[in-house]
Each structure stands twice: as structure tokens, then as C-alpha cells.
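Asks: Pasting in a structure now, in C-alpha cells, and then I'll have a few things to ask.
Nothing in this text is a laboratory measurement; each read-out follows from the coordinates by a stated rule. Everything numeric in this text was worked out from a predicted model, so none of it was measured. As a convention, Cβ positions derive from the backbone with ideal geometry for all residues, glycine included, and neighbour counts pool all protein chains shown.
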Amino acid sequence: MTHFSAFSLLKNALTGHKAWTEQWPDSQPKKEYDVIIVGAGGHGLGAAYYLAKQHGITNVAVIDKGWLGGGNTGRNTTIIRSNYLYDESAKLYDHAVDLWENLSQDLNYNVMYSRRGVLMLAHNVHDVQSFKRHIHANRLNGVDNRWLTTQECKDYCPPLNIAQNARYPVMGGALQERAGTARHDAVAWGYARGAAMRGVDIIQNCPVTAIRRNADGSVAGVETAKGFIKAKKVAVSAAGHTSVVMETAGVRLPLESYPLQALVSEPIKPIFPCVVMSNAVHAYISQSDKGELVIGSGTDQYTSYSQRGGLPLIEHTVAAITEVFPIFNRMRMLRKWGGIVDVTPDRSAIISKTPVEGLYVNCGWGTGGFKATPGAAHTFAWTVAKNEPHPINAPFTMERFRTGRLIDEAAAAAVAH
Amino acid sequence: MLLIHCPYCEETLPEAEFTYAGQAHVIRPEDPSGQSDDQWQEFLFIRANPKGPHYERWRHFHGCGRFFNAVRDTVSDKFLTTYKAGAPRPDLSSLTEGLK
């Protein structure tokens, strides 16, 4: 695998770009691994990368039922931010943002992290009070976040409608400037390439059908479409399908799987400089580098494993967007899709050991796992390698649902958390 | 858009009239103070979340306002049946039989 640099680009340009090698091989499973990671999304591939790079564990396989990055990693709206209310969440997400900042250099792969700022609009007195509370809490935790007046919001994001006779007038906003977006596919590809370079096998199109346990209860390996694969440790990072996979090991999790939808418009010239969220009307929007407006919708009200979702939500979302940005009301939408997200009762993730020895789980990211990808992968790899939690993910155990020590971001998080 | 049959109104109506109300047949403990932490966790937080037929509650919010139960396949989102609250859990094999 070639190291990407200006020099390698020039060299390959001179030879007609015929000498580029594959970025990762399409591996077939070996009989046995030290660690098997179930799920080749950003979180799973990232965990494999950090296992190999930071913990020297390279006899690792990442197994996915489809193609890598084809689940929620390739279906989200790519928003990155860390302005969470509670100390535990702020530390976890800010750790991720710290890693995002140097991720392209670290991976030698351009993940197109763009610090374009995330602006959360306040439309009523309650919004103003709660956002100001968030800003103060964030600043105490060293997370950047500041208040913008209505006019400052308009200056920051010119397409915004700030007419005070609107149904939901803009009363100001909270701006996190370090927040932004990244290219979701490149994150999966960059981690896959980085992990494969260090000897990790990436096995695609191979569903894991069950986790098998030894007579003493510890984990033995996984049953897959390509036969049984032995493993000393199994790390599950399977998003919406986590509870299905974990149940085969006899571990029941406080998860429910919902479809979460998003949509993009036809591509247009650059008009939208940042990410804007509005909790009150339930809309969030940014513009991709291809020019499409990327619009996040919500989760359907019912649990489901169909990666579609219902149309009423799309109608609601588009109504909200045209309310805040009347400039877009003639735009045509290009396509919409759904991904299956695993939601916990307190809307915070689980990065944890399990009652089964050698079995680990990274799940419960609900509607907001993309932004945490490097941080979650990094702390999950630590947990798997050392068999103990990293200080940052220590509060995110599955025991918290028994002890009652919840991290209740349900009300605190924004629309796109 | 799902089409949902309300067993009280005896009408099949669009999803927009209904609200989802979570897993059905979750029984509240009769002796709350005698429950262990594990039992509370099970009752409050642990859900079946199956990939396949799911027993769940719906409420005909913009109609009769009543709660009822349903069996829905979470892969196809197809309703296998709906039935009144308090009625026993229908036998799954007879429902899936009709589908084939």
C-alpha cells in the first residue's frame, strides 16, 4: 500500500496512474484471531486501527455482513460537534474532536474534516435559557461554545431567515466554531487502510450469525457465513444490529433499533457556509462539498430494521427547513434513505466490558455516532486491549442501567446528537 | 406510510393518526419495594428489540384515543395483527402461517 504524498502523486501522474496499489486487500478469514471486531463501520475499523497502532495487537479481523462503511457510517449527515451538557459526554465527544483535528495527518488519508462551525438556533425563551446554560456548562468543561445575537446569526449564516414575524423567529444561537463536518466514507476508508497496513484482516460480505462461548462462559469465537472463527476476544460494534448479535451470546442490552432518515437536495453552488440546527422546528442542514444540501430528519416512532423509514417524517423535515430557510423552498430533493440506529434509554452510548469474559461492546450511539467515531474507536480499543475502561469511557458502562447512574442526555442533546 | 387497523374503531387508517407506545406485555411489578436492582433494570430498560415479529403497543391518538396491541414484523414493517388491550398474546406461529 502506497504512502500518499505530493511526491507519490507526482510519480504516479508521470506513469499514467497505473501503478497505484489497492488500499486494503479483500481478506478471507483465518482460523483464529486475537480479536474479532463485528461491524466494519467507522467505529469498528477505527478500533482495529487503534488496536494495531497503539496497543500492538495486529492479529485482528473486522467482519461485516455487507461492505465496509455501508451501514450508518455511509448514511449519516456527517456532523461533528462536542457541545454536550454533561461532564461525561463533553469529555468523550471533545476527545473525539481532538482526534478529528489531526485525523487526516494521522491516517495519511484526507477525511476532509472541515471546521465550519455548528450553529444551534434558539426560537423561544426556553431555547435561549437552555442554550445559554449549555454554553456555560461547555465553557467550564473547556469546550468552545458562544452566544450569537440574531443579527450575528444572520452574518454567520446568510441564507438564514431572521424575520421577526416568522412563525418561529430566530432569537439568537449557540455557536461551536470547532465543530463542523467530515467526509464519512473517507473516515471508513482511511481507518480500513490504516488498519490493513498494520496487518488487520477486513472481511466483508460475511454475516456473523452467532457468538459462541466456551463451557466456562468465556467467549470462544464467532459463527459466520464463512464458518466458525476462533477468537480470544470479540468486540461488537454493530450499531442497529447490536442487540441481535449480543443476544446470541446471552447478553441482553437496553437498546431499541429505530430507522433514522436523511435526505439530500440536487447539487447547487456553494451557498451554505456552516451547519445549522434548530431543535424547535426539528431541522438540521449543511452543504456537502459536492454541493448537495444534506438534511437530517428524525427517527421514526416505531422500532424497525428496515433501512427505509416513513414519508411523514420527510414531509415534516422539509417543512421545517423551508420555515427557517425560505430561500430553499423551490429546491428539489434528490434522494432519501434510512439507517438503523440503536437507542439507549438515556440516549448515551455504551462502551463497555460485558458479563461475558472476552466480550466487549460499543453501541447505543443512537442518532449521533458519527461525530464520536475517533473518540469511541480509540477508547473502545483501549478497553478491549487492556480489559479495563479508559478514564473517558468509564462512565459509559452497561451497569449504569442497573445502578441508576444514568448519563441523561435525552433532554440535553440537540436534534442531531 | 404504515396503514394500521384500530381494533376498537374497526378501521384501517394511516400511521399519522397513531402514536407508538413501545413493547407490549411489559408487566409492572406487583411488589415494587421488593424488587432487586436487576429486576428494575429488566422492567425499566431491557427490551426485546427483535428482528422479526414484535409485540408492541399503539395508541389511536387522533381517533378513539385508546391503546391497543399489535404484532408487526420489524423487517418488513408489515402488521401481522392488532388486538385489544388486555387480550392474550396471539400465537405467533398461526400469524406467520397466514403470511406464507
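Asks: Looking at segment B:51-84, which of the residues that are of a type in the set (Lys, Arg) and surrounded by 15 or more Cβ atoms within 10 Å (Cβ to Cβ) is farthest from the other protein chains (Cβ to nearest Cβ)?
Replies: Pass one, segment B:51-84, residues of a type in the set (Lys, Arg): B:51, B:57, B:59, B:66, B:72, B:78, B:84.
Next, from what is left, pick out any that are surrounded by 15 or more Cβ atoms within 10 Å (Cβ to Cβ): B:51, B:57, B:59, B:66, B:72.
On the way: B:Lys51: 5, B:Arg57: 10, B:Arg59: 11, B:Arg66: 17, B:Arg72: 7 Å.
Filtering first and then ranking leaves B:Arg66.
Asks: Here's another thing I want to ask about it. Assess whether A:Thr73 counts as being among the hydroxyl-bearing types (Ser, Thr, Tyr) and crowded, with 24+ Cβ neighbours inside 10 Å. So that I can check it myself, show each step before the final result.
Replies: Values: among the hydroxyl-bearing types (Ser, Thr, Tyr): yes; crowded, with 24+ Cβ neighbours inside 10 Å: yes.
For A:Thr73, the condition - among the hydroxyl-bearing types (Ser, Thr, Tyr) and crowded, with 24+ Cβ neighbours inside 10 Å - is met.
Asks: Right, here's the next one. May I ask you to list the residues in segment A:174-232 that are of a type in the set (A, V, I, L, M) and under 30 Å from A:Asp127 (Cα atoms)? It would help to see each step written out before you state the result.
Replies: Within segment A:174-232, the subset of a type in the set (A, V, I, L, M) is A:174-175, A:179, A:182, A:186-188, A:192, A:195-197, A:200, A:202-203, A:208, A:210-211, A:215, A:219-220, A:222, A:225, A:229, A:231.
Residues satisfying the conditions are A:Ala174, A:Leu175, A:Ala179, A:Ala182.
Asks: So which helices (runs of 4 or more DSSP H) are wholly in segment A:298-417 and hold at least 3 residues that are under 24 Å from A:Met246 (Cβ atoms)? So that I can check it myself, show each step before the final result.
Replies: On the way: elements: A:311-324, A:373-386, A:400-403.
Here the list reads A:373-386, A:400-403.
Asks: Right, next: Looking at segment A:109-127, which of its residues are in a loop (DSSP other than H, G, I, E, B) and out of contact with any Asp or Glu (no Cβ under 6 Å at 6 or more places or on another chain)?
Replies: Of all residues in segment A:109-127, those in a loop (DSSP other than H, G, I, E, B) come to A:109-113, A:115-117, A:123-124.
Passing the criteria: A:Tyr109, A:Asn110, A:Val111, A:Met112, A:Tyr113, A:Arg115, A:Arg116, A:His123, A:Asn124.
Asks: Within 13 Å of chain B (Cβ to nearest Cβ), of a type outside the set (Ser, Thr, Tyr), in contact with a helix residue (DSSP H, G or I) (Cβ under 9 Å, 6 or more places away or on another chain) and surrounded by fewer than 18 Cβ atoms within 10 Å (Cβ to Cβ): is that true of A:Pro259 in this structure?
Replies: On the way: within 13 Å of chain B (Cβ to nearest Cβ): yes; of a type outside the set (Ser, Thr, Tyr): yes; in contact with a helix residue (DSSP H, G or I) (Cβ under 9 Å, 6 or more places away or on another chain): yes; surrounded by fewer than 18 Cβ atoms within 10 Å (Cβ to Cβ): no.
The answer is no for A:Pro259.
Asks: What residue, among those in segment A:27-59 that are surrounded by 13 or more Cβ atoms within 10 Å (Cβ to Cβ) and among the charged types (D, E, K, R), is nearest to the chain's Cα centre (by Cα)?
Replies: Restricting attention to segment A:27-59, the residues satisfying the condition of being surrounded by 13 or more Cβ atoms within 10 Å (Cβ to Cβ) are A:27, A:29, A:32-53, A:55, A:57-59.
Next cut, among the charged types (D, E, K, R) only: A:32, A:34, A:53.
On the way: A:Glu32: 29, A:Asp34: 26, A:Lys53: 21 Å.
Out of the qualifying residues, it is A:Lys53.
Asks: While we're here: Out of the residues in segment A:333-366 meeting the condition of being of a type in the set (S, T, N, Q) and buried (at least 24 other Cβ atoms within 10 Å of the Cβ), tell me which one is farthest from the chain's Cα centre (by Cα). Let's see the steps before the verdict.
Replies: Here is the first cut: in segment A:333-366, the residues of a type in the set (S, T, N, Q) are A:344, A:348, A:352, A:354, A:362.
Right, trim to buried (at least 24 other Cβ atoms within 10 Å of the Cβ) and you get A:344, A:348, A:362.
Values: A:Thr344: 15, A:Ser348: 13, A:Asn362: 12 Å.
Looking at the filtered set, the residue picked out is A:Thr344.
Asks: Suppose we filter segment B:13-50 for residues that are within 12 Å of another protein chain (Cβ to nearest Cβ), among the hydrophobic types (A, V, I, L, M, F, W, C) and without any contact (Cβ under 8 Å) to a residue 24 or more places away in the chain; how many remain?
Replies: Of the residues in segment B:13-50, 5 are within 12 Å of another protein chain (Cβ to nearest Cβ), among the hydrophobic types (A, V, I, L, M, F, W, C) and without any contact (Cβ under 8 Å) to a residue 24 or more places away in the chain.
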